[in-house]
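Since the structure comes first, as structure tokens, the remarks are kept for the end.
No lab work stands behind these numbers, since they all come straight from the coordinates. These numbers were taken from a predicted model, which means no experiment stands behind them. With ideal geometry, Cβ positions are generated from the backbone for all residues, glycine too; neighbour counts draw on all protein chains shown.
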Amino acid sequence: MTHPAVEVISFGYGHADPPTADVLIDARRLFRNPHADPRMRELTGLDDAVRRHVLATPGIGAVVAATVTLGAELVTDLPPGARPVRIATGCAGGRHRSVALAEAISAGLRDRGVAATLSHRDITKPIIQP
């Protein structure tokens, strides 16, 4: 069984401390927040409407591309059996922005042939109220 070279994890700062990560992206301030729209509040970053909303944030394409490049570069010289590089994306509740961002980064890594796993630590936890 081949081990992943990169682990991508989304999380919510409002539920627990961030996971230990080699690369950490804090999506709380600069990314469009679907929570502000009552029609999207109960959805997650796995839903198309939320994903489109978040990924429409100006500059986010560059953030995803740079993170994918960084992740791919960091695994270049990993020795066999080394622990995976961990990329964590966090937002307030871990349901919207961080999930959409983690999904995009993970897909980009796979498109580049990098073995990557993806998990969403807090996607099923209660919605954080502002």
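When you filter the GluC sites (Glu not before Pro) in region 1-94 for DSSP loop state and at most 16 other Cβ atoms inside 10 Å of their Cβ, you are left with GLU42.
Summing +1 for each Lys or Arg and -1 for each Asp or Glu among the other residues whose beta-carbon sits under 12 angstrom from that of VAL85 gives -2. Restriction of the trypsin sites (Lys or Arg not before Pro) in region 62-128 to DSSP coil positions whose beta-carbon has at most 14 other beta-carbons within 10 angstrom yields ARG112. In terms of Cα atoms, the Rg and Dmax of region 6-120 work out to 13.8, 47 Å. For region 32-78, the equivalent ellipsoid built from the Cα gyration tensor has semi-axes of 29, 12, 7 Å, listed from largest to smallest. Applying both filters, DSSP loop and at most 11 other Cβ atoms within 10 Å, to the trypsin sites (Lys or Arg not before Pro) of region 8-47 gives ARG29, ARG39.
Using the Cβ of VAL68 as centre and a radius below 13 Å, the other residues enclosed give a net charge of -1, where K and R count +1 and D and E count -1. Put a plus charge on the Cβ of each Lys and Arg, a minus charge on the Cβ of each Asp and Glu, and nothing anywhere else: the dipole of region 6-120 about its Cα centre is then about 320 debye.
If you run the Gaussian network model on the chain, springs between alpha carbon atoms under 10 Å, then out of PRO58, PRO79, PRO18 the most flexible one is PRO79.
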